[in-house]
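Working notes, structure below.
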Amino acid sequence: MADLTYFIGRPFVALYDAEDPEGNLLWGIELEGDGRIENKDPSVEKPEEGALNGTVFIRPIFSELDTRLQFGVLDDIQQELTLTPTLYTISDPTFVQEEEGEIYPQVPFEILDTVPEDPSPDRVADGPEEEPTPSQEEEENA
């Protein structure tokens, strides 16, 4: 599955405005090669474009609480953005087909609740009946 590591080393191109179906103003980052990272959390403020100009995407840092995007030159971090892990998408024509559109690289917890439980304990394997070996028969008859 695609994730933010695919964007490491790509130069920043622009910030853009977006809107969700409820009309909330959102924003996104365009990287060289038509890569996009779009914030889907209306409570996350749009960063200053000037602070990102001339930088490249250095690395993502993942945790349960936040996803941090570091931009800079080489390993000199000039700007760090924080996103909600389950409320951003990525897209890039090299790994996203037109039909698929955006990818949520960190699966929302709501989706995890809809996955059925593992049925393994309820499964019983059908197999051949075990016939006792001659030594087992002798032990039982003794």
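Pairs meeting the criteria (first residue in segment 33-59 and farther than 18 Å from E22 by Cα, second residue in a helix (DSSP H, G or I) and of a type in the set (F, W, Y), beta carbons under 9 Å, at least 6 apart or on different chains) are G33/F7; G35/Y6; G35/F7; I37/F7; F57/F7.
Any idea which residue in segment 93-107 is nearest to the chain's Cα centre (by Cα), counting only those that are among the hydrophobic types (A, V, I, L, M, F, W, C) and at pLDDT below 70? Outline the logic, then answer.
Start the filter on segment 93-107 by keeping residues that are among the hydrophobic types (A, V, I, L, M, F, W, C), which leaves 95-96, 103, 107.
Narrowing further to those that are at pLDDT below 70: 96, 107.
Working: V96: 13, V107: 6 Å.
So the residue we want is V107.
The number of residues in segment 24-44 being touching a Leu at 6+ places or on another chain (Cβ under 8 Å) and assigned to a strand (DSSP E or B) comes to 7. Scanning segment 5-32 for residues that are among the β-branched types (V, I, T), in contact (Cβ under 8 Å) with a residue 40 or more places away in the chain and more than 15 Å from E80 (Cβ to Cβ) yields a single hit, T5. Checked against the criterion of being within 17 Å of E102 (Cβ to Cβ), of a type outside the set (F, W, Y) and either more than 18 Å from the chain's Cα centre (by Cα) or assigned to a loop (DSSP other than H, G, I, E, B) (or both), the candidates P47, P60, P21 yield just one match: P21. Does E19 fit the bill of being out of contact with any Lys or Arg (no Cβ under 7 Å at 6 or more places or on another chain), surrounded by fewer than 18 Cβ atoms within 10 Å (Cβ to Cβ) and at negative phi? Yes; evaluated as a whole, the condition is true for this residue.
The values are calculated or read from the model by the stated rules, or taken from the named source; none is laboratory data. Everything quoted here is computed from the prediction, not taken from an experiment. Neighbour counts are summed over all protein chains in view; Cβ atoms, including those assigned to glycine, are modelled from backbone coordinates with ideal geometry.
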